[in-house]
Amino acid sequence: MPSNIDHRRRSPLGDRPALEVHGMRVTIIRWRRAALVLAALLGPVAALAPATVASAGPSNPRLYIWGNNTFGQLGNGRMGLTPESEPTRHDAELSTPTRVPGSQAWSDISSGTAHSIAIRKGGTMWAWGVNPYGLGAVDASGNPVTVAPNPVKLPGGRGWVDVETSDSYSLAIQSDGSLWAWGNNNSGQLGMGDTEPRFTPTPVGPDRDWVSIVATPSGTSFALKADGSLWAWGNNSSGALGTGTIDLDPHPTPSRIPGTWRSVSAGGRLTTHVLAVADDGRLYAWGQNCRGQLGLGAAPVDGTQWQCINDFHPQPTQVGTKTDWVRAVAGSTPIDGGFSMAIDSAGSLFAWGDNIAGGLGLGTSSTTGDALRASPTLVGEPGGWSKVALGYGFAIAIRSDGTLWSWGWNPTGQLGNGNPGPGLTSIDTWLTDESARQPTPARVGTLTGWFDVSAGGLHAMATR
């Protein structure tokens, strides 16, 4: 497969079919139907296990959610998508963190592109929004539930402890260490040895020592075992499986990536870039590097260009020389680029990759001639950061004092700063619209005690 394909003339949407969701026909033709792009195409993000420096959590964590709600991904009973497939824009959005009603406490959260999944304290798992391959439950007639503006309980009882979702499939771990998967499986991303979709959580093999999982928009999956071994399966079109090769075939069976690892994250929309911290604290990266998202010091385009020209690195390569990384996070962008962030043992936050809309938090963006960084760059003053999650060109982070911060792209209120944004009217909101970007980290509201955070395509969730 060629490693340098010019994407400058490619539509940011790619070639995708119309989407049928319980009679609602979502026709995706151009970027100007951008609220629809959110669910069917953009992909979430960041695979979205947040970078974490260990801290004690609240005993009864409450869930807050905000941003775009075109497909009911906020779980508040509303949907911005009308039967005519026209988004209702701001009427369906929340531009400040809003608590999910009820007395339930939540232990784990994951934001997809057009849906969300969360685990309540006690181990039950719930999903809401839209996923054409099924949210993970079936109705009384045995049909997959694909649309739910309110949380729907998924099967599996009270044993769930971890969940990660993407635009069309999900992975989860139960308390016995078993791995489960459901949703789209066209690249073998469910890890079950075939490419058939599953509509409810289904066990992946017999092993019972899984501890961490990652799902990506492009259909590459990753999981860590208790012994530090890292496993990957699914799409290998950008070399994300780390085997040193690139191909278009499905890889439906988990295969081990050599080494011993602490954490892994992956992002990207049509292609994937991967970040993993080894047991010795070194950071490694592989996969797509079209906008410097691997942090290797070079990119195939310069800082004034916005396109993605493939630059694949199909083997893990060390990023810099630091040996005290705690965890890294990979994010996505609308142009099929990507950006990355990592926190070191001192709590300092570093960022690199795509910076068109100021998603790196450096106070700059493409309008100031700083459209990308190819090496890790310190964000603000050293120290003080606890967790970070990356959505579509934006970041949500928690500082060690429990305050919540955000920066980057903000067309639909996903920064939670009270600005609903201009809406997704054209690609200009990504390239030139200053009202849709915030290049410097700013505190979100006045609440403290934030503990966990997850960023989806254009919405976010957090617990406190």
I'm trying to understand the selection: among the residues of segment 49-63, which are among the hydroxyl-bearing types (S, T, Y) and either at pLDDT below 75 or in a strand (DSSP E or B) (or both)?
T52, S55
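Residue by residue, here is whether (1) surrounded by 24 or more Cβ atoms within 10 Å (Cβ to Cβ); (2) at pLDDT 95 or above; (3) closer than 30 Å to A436 by Cα holds:
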residue	(1), (2), (3)
I65	yes, yes, yes
N69	yes, no, yes
L74	yes, no, yes
G102	no, no, no
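Sort out which residues of segment 442-457 are assigned to a loop (DSSP other than H, G, I, E, B) and surrounded by 17 or more Cβ atoms within 10 Å (Cβ to Cβ), and write them in order of number. I'd like the intermediate steps shown before the answer.
So in segment 442-457, the residues assigned to a loop (DSSP other than H, G, I, E, B) come out as 444-451, 456-457.
V444, W450, F451, G456, G457 - these are the residues of segment 442-457 that are assigned to a loop (DSSP other than H, G, I, E, B) and surrounded by 17 or more Cβ atoms within 10 Å (Cβ to Cβ).
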Are there any pairs with C-beta distances below 6 angstrom linking a residue in segment 386-405 that is free of Cβ contacts under 8 Å to residues at least 60 places away in the same chain to a residue that is β-branched (V, I, T) and surrounded by fewer than 24 Cβ atoms within 10 Å (Cβ to Cβ), with the two at least 6 apart or on different chains, and if so which?
T403/T448
Please indicate, with yes or no, whether at least one residue in segment 127-142 is in a loop (DSSP other than H, G, I, E, B) and within 22 Å of L230 (Cα to Cα).
no
Listing of strands (runs of 3 or more DSSP E) fully contained in segment 353-441 that carry 1 or more residues being buried (at least 24 other Cβ atoms within 10 Å of the Cβ) and touching a helix residue (DSSP H, G or I) at 6+ places or on another chain (Cβ under 8 Å):
404-409
Long-range neighbours under 9 Å by Cβ, at least six apart or interchain, first residue more than 22 Å from D162 (Cα to Cα) and of a type outside the set (F, W, Y) within segment 92-110, second modelled with pLDDT under 85 and part of a strand (DSSP E or B):
A92/L81
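D162: assigned to a strand (DSSP E or B), acidic (D, E), more than 13 Å from S221 (Cβ to Cβ) and at pLDDT 95 or above, yes or no? Before you say what the answer is, go through the steps one by one.
On the way: assigned to a strand (DSSP E or B): yes; acidic (D, E): yes; more than 13 Å from S221 (Cβ to Cβ): yes; at pLDDT 95 or above: yes.
Yes; evaluated as a whole, the condition is true for this residue.
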Subset of segment 373-416, residues of a type in the set (A, V, I, L, M) and within 20 Å of S348 (Cα to Cα), comes to A374, L378, V379, V388, A389, L390, A395, I396, A397, I398, L404
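In segment 169-270, which strands (runs of 3 or more DSSP E) lie fully inside it and hold 1 or more residues that are surrounded by fewer than 24 Cβ atoms within 10 Å (Cβ to Cβ) and basic (K, R)?
Numbers: elements: 169-174, 179-183, 198-203, 210-215, 220-225, 230-234, 255-257, 261-267.
Hits in segment 169-270: 198-203, 220-225, 255-257, 261-267.
Results for (1) over 23 Å from the mean Cα position of the chain (by Cα); (2) closer than 29 Å to A395 by Cβ, shown as yes or no for each residue.
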| residue | (1), (2) |
| --- | --- |
| R198 | no, no |
| P201 | no, no |
| P206 | yes, no |
| P217 | no, yes |
| A232 | no, yes |
| G239 | no, yes |
| D249 | yes, no |
| T260 | yes, yes |
| L270 | no, yes |
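Just to be sure, is T304 part of a loop (DSSP other than H, G, I, E, B), surrounded by fewer than 16 Cβ atoms within 10 Å (Cβ to Cβ) and either of a type in the set (A, V, I, L, M, F, W, C) or at pLDDT below 95 (or both)?
Working: part of a loop (DSSP other than H, G, I, E, B): yes; surrounded by fewer than 16 Cβ atoms within 10 Å (Cβ to Cβ): yes; either of a type in the set (A, V, I, L, M, F, W, C) or at pLDDT below 95 (or both): yes.
Yes.
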Within segment 149-159, count every residue that is of a type in the set (K, R) and either under 21 Å from the mean Cα position of the chain (by Cα) or part of a loop (DSSP other than H, G, I, E, B) (or both).
1
Which condition from (1) within 21 Å of the chain's Cα centre (by Cα); (2) in a strand (DSSP E or B) is the one that Q315 breaks?
(1)
Show the residue pairs that are 6+ apart or on different chains and have beta-carbon atoms under 8 Å apart, the first residue being within segment 114-125 and without any contact (Cβ under 8 Å) to a residue 60 or more places away in the chain and surrounded by fewer than 17 Cβ atoms within 10 Å (Cβ to Cβ), the second being in a strand (DSSP E or B) and β-branched (V, I, T).
G123/V161
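The values are calculated or read from the model by the stated rules, or taken from the named source; none is laboratory data. What you see is a predicted model; the values in this text were computed from it and never measured. We place every Cβ from the backbone using ideal geometry, glycine too, and count neighbours over all the protein chains shown.
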